[in-house]
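Contents: one structure, followed by commentary.
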Amino acid sequence: MKEGHKLWFIVGSQHLYGEETLKQVAEHSRKIVESLNSSGKVGWEIVPKPVLTTSDQIYRTIIEAVSTEECIGLIAWMHTFSPAKMWIKGLKSLNKPLLHLHTQFNKEIPWNEIDMDFMNLNQSAHGGREFGYINTRMGIPRTVITGFWQDEDVQNQIGRWAAVAKAVVESRNMKIARFGDNMRDVAVTEGNKVSAQIDFGYEVHGYGIGDLVSCIEEVGNGEVQARADEYTTKYKTSESLKTGGASRSSLTEALKIEFGIEKFLQTGGFKAFTTTFENLYGMKQLPGIAVQNLMAKGYGFGAEGDWKTAALLRTMKVMGSAAEGGTSFMEDYTYHFDGEDSLVLGAHMLEVCPSIAGGEISMEVHQLGIGGKADPVRLVFNVPAGQALNATMIDLGKRFRLVVNELEVVAPPAGFPKLPVARALWRPMPNLEVGANAWIYAGGAHHSVFSQVVTTEQLRIFADLLGMEIVVIDSATNLVDFRNELRWNETYYSL
Ligand code: MN
């Protein structure tokens, strides 16, 4: 389990049942927590809290959860009936992610033995509904998971929710470094940074490129050489980049940039960053491999000043820690039209994260027409077939919208002998025509976060918890209904 953060497990009941029953409630809660902690499915430790039976006790527990930094969220279970007026005062103070685990201690009904004592001890079925009512009535954002607590599927759902809770806490404390401004004239990468900080906590800090250049110039030769040797062993390396090769200095320069950015981010406590090729004064190369390796270490990144995608990438890297698979900055680059088998080739000039790679990764240096700088070093690879999704966050002026498209990644039918960048090939759901139409009607950007591990369900939870609009394009998407959803959402968010 990951260090540093915990989830609190709170159990609702009431005094009516007497001491003996409440002791059993506490014991049941302890057993559920133990089982979840030992399941290996939830990335953060769950801590059982005393059974809550009064309004004051609930209030004090929630206030404590809110003010305790290590607590990233609350899992609430109504073991018995906990009259929900008792929860009002506490819930009014809640500002951390809430999971309502609608489960019951006993899995099955003991048909021959069941009596009223059993019924009274296993009444989550209606206790959970009383709790649900007050949450709905008060408009409390929360996630409901129904099922038996030992079921693997339930435990996995809790694990994915926990990673979203962690991502919410990270978002609220996220600092993004923006080197240079926006690519001139580009619209979608802009946005209201004050609104983003109020809504999600994203703090965007702007820096002149000179601030970064001076950090790069301080990087020592020793550490650069050591890392160059490390990468030459780790990746399939072009001859010219090896020791004594004609372009070896391109690699050492690229790694100076990598160290420089990393030190800048570490010193300032930044979890994400942006660059723009229109603002590189004093830099010898556009950062390529530097950005790729920093993404692989968990940093968020957006090209051309795209701070929203940088922040979303970091957020989704955290969500993705619930399972195996990679998450990267991505751009829809070019199409392959072939009816129902039409495909998108996704890539960027350089900056695709090797966490999504399948097969060999090669380290190469090539000329880059854009940016007017020396030839940048980059990692080149393919992405394996499988399920994935693209997500993008756009600013609609009065609100942000998250657009998600589920994808089926396909293996390239042929090599790309002349393509010097990492790339992914996918079929958008339900097909290219509907997928691209829906994305464009929704205003989705050309930049996105591509993930093999984050699920649509997690993004829905994230959007719910932060009050953000989300629209999903999947295998069931019908364009007429989707466009109606966009129209209805306009009304909903204008109320
Ligand atoms: Mn771009």
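The values are calculated or read from the model by the stated rules, or taken from the named source; none is laboratory data. Worth saying up front: this structure is predicted, and the values here are computed from it rather than measured. Please note: Cβ atoms are built from the backbone with ideal geometry, for glycine as well, and neighbour counts cover all protein chains shown. Just the protein is used for accessible areas: all its heavy atoms, side chains included, with ligands, DNA and RNA removed. Shrake-Rupley method; radii C 1.70, N 1.55, O 1.52, S 1.80 Å.
Among the residues of the stretch 252-304, what is the count of those that are touching a residue at least 40 places away in the same chain (Cβ under 8 Å), among the small types (G, A, S) and at negative phi?
Qualifying residue count for the region: 9.
Condition test on M330, is it open to solvent by 10 Å² or more (accessible area, probe 1.4 Å), hydrophobic (A, V, I, L, M, F, W, C) and within 13 Å of the ligand (Cβ to nearest atom)?
Criteria not met by M330.
Please enumerate the residues belonging to the stretch 303-322 that are aliphatic (A, V, I, L, M) and within 24 Å of I72 (Cβ to Cβ).
A310, A311, L312, L313, M316, V318, M319, A322
Based on this model, can you work out whether I370 counts as in contact (Cβ under 8 Å) with a residue 40 or more places away in the chain, touching a Leu at 6+ places or on another chain (Cβ under 6 Å) and open to solvent by 10 Å² or more (accessible area, probe 1.4 Å)?
So I370 fails the test.
In contact with a helix residue (DSSP H, G or I) (Cβ under 9 Å, 6 or more places away or on another chain), buried (at least 20 other Cβ atoms within 10 Å of the Cβ), farther than 23 Å from E45 by Cβ and not assigned by TED's automatic domain parsing to the domain that holds V42: which single residue out of G220, G180 fits that description?
G180
What's the number of the condition A228 fails, among (1) assigned to a helix (DSSP H, G or I); (2) within 16 Å of the ligand (Cβ to nearest atom)?
Evaluating A228 over (1) assigned to a helix (DSSP H, G or I); (2) within 16 Å of the ligand (Cβ to nearest atom) leaves (2) as the failure.
Return the only residue of M316, M283 being more than 22 Å from G210 (Cα to Cα), more than 16 Å from the ligand (Cβ to nearest atom) and aliphatic (A, V, I, L, M).
Result: M316 is the single residue among M316, M283 that is more than 22 Å from G210 (Cα to Cα), more than 16 Å from the ligand (Cβ to nearest atom) and aliphatic (A, V, I, L, M).
Mind checking which helices (runs of 4 or more DSSP H) fall wholly inside the stretch 61-153 and carry at least 1 residues that are without any contact (Cβ under 8 Å) to a residue 12 or more places away in the chain and either under 23 Å from G467 (Cα atoms) or charged (D, E, K, R) (or both)?
In the stretch 61-153, 116-121, 124-138 are the helices (runs of 4 or more DSSP H) which contain 1 or more residues that are without any contact (Cβ under 8 Å) to a residue 12 or more places away in the chain and either under 23 Å from G467 (Cα atoms) or charged (D, E, K, R) (or both).
Table: residues versus (1) closer than 30 Å to A323 by Cβ; (2) open to solvent by less than 10 Å² (accessible area, probe 1.4 Å).
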| site | (1), (2) |
| --- | --- |
| H28 | yes, no |
| E34 | yes, no |
| C71 | yes, yes |
| K92 | no, no |
| L101 | yes, yes |
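Give the residues of the stretch 6-26 that are under 27 Å from the mean Cα position of the chain (by Cα) and open to solvent by less than 40 Å² (accessible area, probe 1.4 Å), sorted by residue number.
Scanning the stretch 6-26 gives L7, W8, F9, I10.
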